[in-house]
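Let me give you the structure first, and then I'll get to my questions.
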Amino acid sequence: MGKEWPGMAIALVAIAVQFPPLLSQLRLEESRAAAAAGELQRAADEAGRARTLQPWAASPHVQLALVQEKAGRLRLAVASIHRARARDSADWRIWLVSARIEAEAGLVSAARRSLERARRLNPRSPALGGLGSN
């Protein structure tokens, strides 16, 4: 048992480190499925559980923002997407979602700034090609 112990300890630590992100991803998948089924409260709850498991990650905040947007809770959606941006300011897709939510919430100047940030982060994206170019 003496020689195997360090290897087993390393394996256990590796499993322990990977467990919260794996559970968080499962919660996000549950949230997406619930949102698709129109079960918005369950979708929000699952996104919240994912956020608890990975408070540093942007994806649970993005998912929560999308659920809140779908539920028409735009002020909450804006706050959630801003928290996602704070956790990953380099992901152009988060800025694009932010622009859409801000526009829906009537925050036109903020939406323009978010869209411009998305363009700067990914200037060659076909998804951003014709958006807001007027």
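What length, rounded to one decimal in nm, is gained on full extension from LEU22 through to ARG42, with 0.36 nm per residue of separation minus their alpha-carbon distance?
On the way: separation 20, 0.36 × 20 = 7.20 nm, distance 1.93 nm.
That works out to 5.3 nm of additional length.
Could you give the length gained on full extension between ILE10 and ALA90, defined as 0.36 nm per residue of separation minus the Cα-Cα distance, in nm?
On the way: separation 80, 0.36 × 80 = 28.80 nm, distance 3.24 nm.
That works out to 25.6 nm of additional length.
Sticking with this structure for a sec: Give me the angle, in degrees from 0 to 90, between the Cα long axis of helix 74-87 and the longest principal axis of the Cα atoms of the chain, rounded to the nearest 10.
50 degrees
Okay, moving on. For a quick check: sort GLU29, GLU39 by the number of other beta carbons within 10 angstrom, fewest at the front.
Numbers: GLU29 13, GLU39 16.
In order of increasing Cβ crowding within 10 Å: GLU29, GLU39.
Quick note: the coordinates plus some simple rules give every number you see, no bench work behind them. All values derive from a computational prediction rather than experimental measurement. So basically every Cβ, Gly included, is an ideal-geometry build from the backbone, and we count neighbours across all protein chains shown.
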